[in-house]
Amino acid sequence: MRSASAFLPAASFAALAALVAAGSLNGLDQWAIDHLMPGAHFTNKEASLRAALIPFYSVRWSSPWSVAVEIVTLPASFFVALALTAWRSRLLALAVIAATAAETLCKHTLYRPPLHHGQLHIVGFDASYPSGHTLRTLLVAAAFAHPLAAVWAVASLVLLELGGWHVPTDIAGGALLAALALLGARALGGRRLLGGRP
């Protein structure tokens with residue numbers, strides 16, 4: 001039964017990855033760039049691993065959007081998310097590590113056709129699927145299983161979009177990968193996953 005429950009998010013993640021790589025959803029992502037990212041600051045440079053791992057490494061202090069996204073999503077940065085989930089559950093900490101490894105593998109193998117801001121090719125979105133901040137946000141929120149954690153998670157995902165960090169398909173991919181990681185952790189830890197330290 002558990003393997004059957006994991007099939008839907010796994011198949012959805014793979015199907016979405018294929019659509020992203022083919023450019024089939026570029027219209028949606030381009031629309032979001034044009035209409036849903038008031039806080040974006042696009043360049044033609046690739047995103048660095050340091051910026052993804054080190055909180056506040058790439059913050060633009062002159063931009064309220066940049067500061068807001070960095071502060072609100074701080075618990076979803078890799079090392080902070082790892083510490084928070086390990087505090088609540090060793091299995092969820094392992095899920096953070098495994099899901100982040102899968103995210104990194106995807107970003108090194110899956111490329112979408114170019115997205116643009118005017119004439120500027122947004123190189124950072126070429127290999128931004130799936131969103132690691134999204135998957136870690138959802139894993140941290142699951143670790144605490146509290147209404148305030150759910151509010152924080154929603155605010156984080158909205159800011160990732162409005163701040164121009166990720167397009168909608170990246171966020172959807174991160175959510176599907178988080179669902180897979182949670183199902184895997186639950187399969188290993190059973191019902192005690194969110195109640196103790198299995």
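Readers should treat all values here as calculations from the given coordinates under stated rules, not as data from a laboratory. Since the model is a prediction, treat every value here as computed from it, not as a measurement. When we count neighbours, we look across all protein chains shown, and the Cβ atoms used for this are built from the backbone with ideal geometry, even at glycine.
In table form, for the structure just shown:
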item: The chain, relative contact order in percent, only Cα pairs under 8 angstrom and at least six apart counted; result: 33 percent
item: Pairwise FRET efficiency - Trp61 versus Leu105, Cβ, R0 = 22 Å, nearest 0.05; result: 0.10
item: Burial ranking of peptide ranges 123-135, 72-84, 26-38 (average Cβ count within 10 Å, highest at the top); result: 123-135, 72-84, 26-38
item: Relative packing of peptides 55-63, 137-145 - highest average C-beta neighbours within 10 Å first; result: 137-145, 55-63
item: The chain - charge dipole about Cα centre, Lys and Arg +1 at Cβ, Asp and Glu -1, debye rounded to 20; result: 880 debye
item: Crossing angle, helix 90-109 versus the chain [Cα axis fit, 0-90 degrees, rounded to tens]; result: 30 degrees
item: On Cα atoms only, tilt of 147-162 relative to the major axis of the chain in degrees; result: 20 degrees
item: Angle between the chain longest axis and helix 168-189 axis [Cα atoms, degrees, rounded to 10]; result: 10 degrees
item: Quotient of C-alpha Rg and 2.2 N^0.38 Å, computed over the chain; result: 1.00
